[in-house]
Amino acid sequence: MAKIQKDVKNLLTIIFIILSFRCVAEIPEPVKAIGLYTISIALDAVGDGLYDEGSKTWGHALNAASTALLLVSPVVLDFDGDDWWAYVLTYVTLRVALFDYTYNVTRGLPLSYTGTTSISDKAWNQIAPPGHRWVPRGMCLILSIHIPITYFN
């Protein structure tokens with residue numbers, strides 16, 4: 001009886017996965033790209049924040065989930081050989097726009113906080129003064145929406 005239940009569970013899981021891919025196929029490409037990359041970046045930022053707060057297991061788990069989403073992105077997204085750069089640029093601009101804010105919320109830091117140790121923190125401290133970092137991040141957010149709408153059809 002237990003074997004039959006396990007087989008039914010496996011069959012239902014396979015059906016669910018097939019239906020999920022069918023549903024994903026009907027979502028417009030710009031929405032898929034922005035959504036997938038946003039979720040991946042959020043998982044990575046929350047994972048880093050949890051790890052830095054001492055919850056190493058959950059931090060690693062969320063970082064792994066973020067990486068898994070990026071690894072399945074070629075299956076979910078319709079990469080075109082000519083527009084590969086647009087997918088990379090969409091991810092990078094979304095990451096610049098969203099990562100630090102999500103990390104700061106996870107750690108309970110002020111939204112405008114920028115660290116001093118990582119390469120990206122040092123770059124931000126050179127590029128924009130503390131009260132005005134929202135301007136380049138906002139521009140990156142606009143670009144991260146504009147690029148997929150323009151190039152992913």
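Among the residues of the stretch 97-141, those that are hydrophobic (A, V, I, L, M, F, W, C), over 16 Å from ASP48 (Cα atoms) and either buried (at least 16 other Cβ atoms within 10 Å of the Cβ) or under 20 Å from the mean Cα position of the chain (by Cα) (or both) comprise ALA97, TRP124, TRP134, MET139, CYS140, LEU141.
Each row is one residue, and each column tells you yes or no for (1) in contact (Cβ under 8 Å) with a residue 12 or more places away in the chain; (2) out of contact with any Leu (no Cβ under 7 Å at 6 or more places or on another chain); (3) under 25 Å from ILE34 (Cβ atoms).
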position: TYR103; (1), (2), (3): yes, yes, yes
position: SER112; (1), (2), (3): yes, yes, yes
position: GLY115; (1), (2), (3): no, yes, no
position: ASN125; (1), (2), (3): no, yes, no
position: GLY131; (1), (2), (3): yes, yes, no
position: VAL135; (1), (2), (3): no, yes, yes
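Return yes when LEU62 is assigned to a helix (DSSP H, G or I), among the hydrophobic types (A, V, I, L, M, F, W, C), surrounded by 15 or more Cβ atoms within 10 Å (Cβ to Cβ) and free of Cβ contacts under 8 Å to residues at least 40 places away in the same chain and no when it is not. Against the criterion (assigned to a helix (DSSP H, G or I), among the hydrophobic types (A, V, I, L, M, F, W, C), surrounded by 15 or more Cβ atoms within 10 Å (Cβ to Cβ) and free of Cβ contacts under 8 Å to residues at least 40 places away in the same chain), LEU62 qualifies.
Name the one entry in THR102, THR90 that is within 19 Å of TYR151 (Cβ to Cβ), out of contact with any strand residue (DSSP E or B) (no Cβ under 6 Å at 6 or more places or on another chain) and in a helix (DSSP H, G or I).
Numbers: THR102 fails: within 19 Å of TYR151 (Cβ to Cβ).
Every option except THR90 fails the conditions.
Looking at (1) surrounded by 14 or more Cβ atoms within 10 Å (Cβ to Cβ); (2) within 14 Å of the chain's Cα centre (by Cα), which one does PHE152 not meet, given that it meets all the others? All conditions are met except number (2). SER144 meets all of the listed conditions (1) surrounded by fewer than 16 Cβ atoms within 10 Å (Cβ to Cβ); (2) assigned to a helix (DSSP H, G or I) but one, namely (1).
All of the numbers you see were taken from the coordinates with simple rules; none came from a lab. What you see is a predicted model; the values in this text were computed from it and never measured. Neighbour counts run over all protein chains shown; Cβ positions are idealised from the backbone, glycine included.
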